[in-house]
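Asks: Next up is a structure, given as structure tokens.
Every number here is computed from the coordinates shown, using simple stated rules; none is lab data. All values reported here derive from a predicted model rather than from experimental measurement. Here Cβ is always computed from backbone atoms with ideal geometry, including for glycine, and neighbour counts include all displayed protein chains.
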Amino acid sequence: MTGACKTGHHPKHHPSDALLVGYGAGSLGEGLSLALALHLASCPECRAALADIDAVGGALLEALPPEPLERLTLADTLACLDAARPERRPPSRHFVPPGESRTPSLLRPYVGSLAAAPWQRLAPGVRRVELLPRTPRGGSAQLLRIAPGTALPHHGHGGLELTVVLSGSFTDELGRYVAGDVAEADDEVRHQPIADGHEECLCLIATDAPLRFTGLMGRLMQPFIGL
Amino acid sequence: MRGLAPLSSPSMTERDPLEPTDEMSRALLAVATVRDRAAFARLFAHFAPRVKSYMLKLGAPPQRAKDLAQDTMLAVWRKAELFDPAKAEAATWVFTIARNLRIDALRRERHPEVSDDALAEHEDDRPRADALLDGAQRAKRLRGALSDLTPEQAQVVHLSFFADLAHPVIAERLNLPLGTVKSRLRLAMGKIRKALGDEP
Ligand SMILES: [Zn+2]
């Protein structure tokens, strides 16, 4: 499941600068940020770009007009310091419990282990597990497992939809996506993804859409929720 | 500098190239190594009023903004050991802490981040091309690049960092097509990467 980790392989499909800026600035919803983080984990190029974006955040922070704090605040804070337990640098490689090694660590807060996750059958050859139910901002994130050779219905997108491949691959009109690759789809894109490999395609789909079912998930859900 | 632990610099005349040059990074290292309270007070005087300003800009009421500034500085104290001056300026590191606290407090969401653990799952990691660029030089070039942005580019960069709005909403507010907002950000980041020598 951590196919993105194979040595020497770097993703070819990257998020736009606008998305990376949104991630670094902290203006993306949690679902889209999770998709970006999964890509960043396997993409040194985008990690370097993000370091520059964080540095922009630092420079902008320093350029803000200082807002005076009452003199007591420093004294208050100093008084709290002894109670604040310092965090140590974690050991570089931590122990991964058996059976969990195939679940990317970024997903663990949401699903625990992939193998034990409550997968639902959504359509023939398609199973899904919801990671992040709709947030107040309307974002969401789910994992899909798509059997080899399965084509998803042709669909457009109501909002922004990001798909990150975790293992396996899919192909649509715009290209072929393998582990670590990000597909960014919005209003202008209509596509028909097909899981094209010999192995199942595992991908995360995240949206930052308004509160209505749109995009790939919407099309898949329609027969099930009677939209 | 009081409290700066000897970073095994063999001679006092030759500066260790890895030793941070800016005062705030030195203060952070002093907190990390010897829990230097005077250094912390300097960090507080510099950053706390700016973090409060950041929180206010992002919609926190004044009392909340003050509390979040204080929480950020407490996190700076606790996490100081995780600061790596070879990777980031002090301001960059403080910004990421303030950003994450804001998302948690004002939006009740998490900001998923690639931890060192997650990177350990990936064996291949290129060294940063700019690792050789001196920290102070990087900081200067970055500020130069920011002031070289066109007003239109600077506007979308500022809105991205301070408005907590998705780019389609920013486009709507500015009465621009989304593509224009995205291309301004692309051009702005291109200038910044070029100034920092990160252009691929
Ligand atoms: Zn990338």
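Asks: To the nearest 20 Debye, how big is the dipole of segment B:135-200 about its Cα centre, given +1 on the beta carbon of each Lys and Arg and -1 on that of each Asp and Glu?
Replies: With only Lys, Arg, Asp and Glu charged at Cβ, the dipole is about 280 debye.
Asks: Continuing with this model, one more query. Classify segment B:16-111 from the C-alpha gyration tensor, please: rounded if a/c falls under 1.5, else prolate or oblate depending on whether a/b exceeds b/c.
Replies: The shape class here is prolate.
Asks: Please compute the modelled spin-label separation between residue A:63 and residue A:174, points set 7 Å along Cα→Cβ, answer in nm with one decimal.
Replies: In this crude spin-label approximation the distance works out to 3.1 nm.
Asks: Using only Cα positions of segment B:135-200, each an equal point scatterer, no hydration layer, compute I(q)/I(0) via Debye at q = 0.22, 0.25, 0.26 Å⁻¹ and quote the log10 values to two decimals.
Replies: Ignoring solvent entirely, the Cα scatterers give -0.88, -1.03, -1.07.
Asks: Moving on. Can you work out the Karplus-derived ³J(HN,Hα) for every residue in segment B:92-104? Use 6.51 cos²θ - 1.76 cosθ + 1.60 with θ = phi - 60°, whole Hz, and x for glycine or proline.
Replies: Using θ = phi - 60°, the values come out as 5, 5, 5, 4, 5, 5, 5, 4, 5, 5, 4, 4, 5 Hz.
Asks: Counting only residues 5 or more places away or on other chains, whose amide H sits under 5 Å from the amide H of residue A:122 once H atoms are built in the peptide plane?
Replies: A:127, A:128
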